[in-house]
Amino acid sequence: MIRLTLRSAWYLLAYQVIGWLLFSAALTAVITALLLGWTLVAAPLLVAAAAVVHWCADVERRRLRPMTGSSVRGSYRDPARPGLVAKAITQWKDVAIWRELSYLVGLFVPVAVVGLVVITLWACFLAGITLPLWYHFPVAHFAHGLTVHGVQFGYFPNGPHGSGAVGWYVQTLPQALLAAALSVAGLLLASYLVVVTARAHSSIAQALLRAPRDPLAQAKEMLSIHN
């Protein structure tokens, strides 16, 4: 369970960096091709943009292997005739590139936000377990020269016991130990959320980035057996 949680946490955390890079690369390539699509270099730009999108998708496919346990492969249509124009038309009429863009660009914001929230929650509970080791080091300075050591969980405009205080101010070792015990319970729940979120993320990526299944595959297989 620990290995699964760590693998899932790394998958979500790495996406916060890699996802941004792939999103930026794919979006920039497509926008550049669209803006210059009326020029003489339209066909080469469209082919280059498609290559960038496919490369970004391949990066995500490689990241999927630790989560799915198997290789995820894409499949693209071959142009019916030679030439850059024919290749560009074939690539951008292929449903595969639009599936890749829907994942790399269309779903980036919601997937990244959900992953960031879950991984942040998990990291906070993980840090809370170690609270007894460092709760006394943070120092807060309030009005009237009041200086307080401890960790704030809430809003304390006038100190731990001043007016307007809302929340829990951890100042003693017993309080820190209690916070650590609560963090253990929270970490168990957060770890479950990390695994579920990573699996949902990888399932979406796998569904959009793998080669589409042939609806006639079963019929073709039956015909090949009879033949």
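V113: surrounded by fewer than 16 Cβ atoms within 10 Å (Cβ to Cβ), modelled with pLDDT of 95 or more and among the hydrophobic types (A, V, I, L, M, F, W, C), yes or no?
Values: surrounded by fewer than 16 Cβ atoms within 10 Å (Cβ to Cβ): yes; modelled with pLDDT of 95 or more: yes; among the hydrophobic types (A, V, I, L, M, F, W, C): yes.
Considered against the rule, which asks whether it is surrounded by fewer than 16 Cβ atoms within 10 Å (Cβ to Cβ), modelled with pLDDT of 95 or more and among the hydrophobic types (A, V, I, L, M, F, W, C), V113 comes out as yes.
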> Just to be sure, is W168 modelled with pLDDT under 90, touching a Phe, Trp or Tyr at 6+ places or on another chain (Cβ under 9 Å) and part of a helix (DSSP H, G or I)?
Replying inline: no
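Within the group V72, V17, V85, which residue is part of a helix (DSSP H, G or I), in the same structural domain as S102 (by TED's automatic domain parsing), under 28 Å from H201 (Cβ atoms) and aliphatic (A, V, I, L, M)? Steps first, answer last, please.
Values: V72 fails: part of a helix (DSSP H, G or I); V85 fails: under 28 Å from H201 (Cβ atoms).
Being part of a helix (DSSP H, G or I), in the same structural domain as S102 (by TED's automatic domain parsing), under 28 Å from H201 (Cβ atoms) and aliphatic (A, V, I, L, M) holds for just one of V72, V17, V85, which is V17.
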> Given the residues A165, A198, A140, which is the only one that is closer than 30 Å to G115 by Cβ and not polar (S, T, N, Q)?
Replying inline: A198
>> Tell me the residue from R61, R65 that is in a helix (DSSP H, G or I), without any contact (Cβ under 8 Å) to a residue 60 or more places away in the chain and closer than 30 Å to R199 by Cα, please.
In response: R65
>> When the residues of segment 68-104 are narrowed to those that are within 24 Å of L36 (Cβ to Cβ) and touching a residue at least 60 places away in the same chain (Cβ under 8 Å), which ends up surrounded by the most Cβ atoms within 10 Å (Cβ to Cβ)?
In response: L104
>> So if I check each of A140, A80, which one is outside any helix (DSSP H, G or I), assigned by TED's automatic domain parsing to the domain that holds W168 and farther than 15 Å from A211 by Cα?
In response: A140
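The values are calculated or read from the model by the stated rules, or taken from the named source; none is laboratory data. Here the structure is a predicted model, which is why all the values come from computation and not from measurement. Don't worry about glycine lacking a Cβ; one is built from the backbone with ideal geometry, like all the others, and counts go over all protein chains shown.
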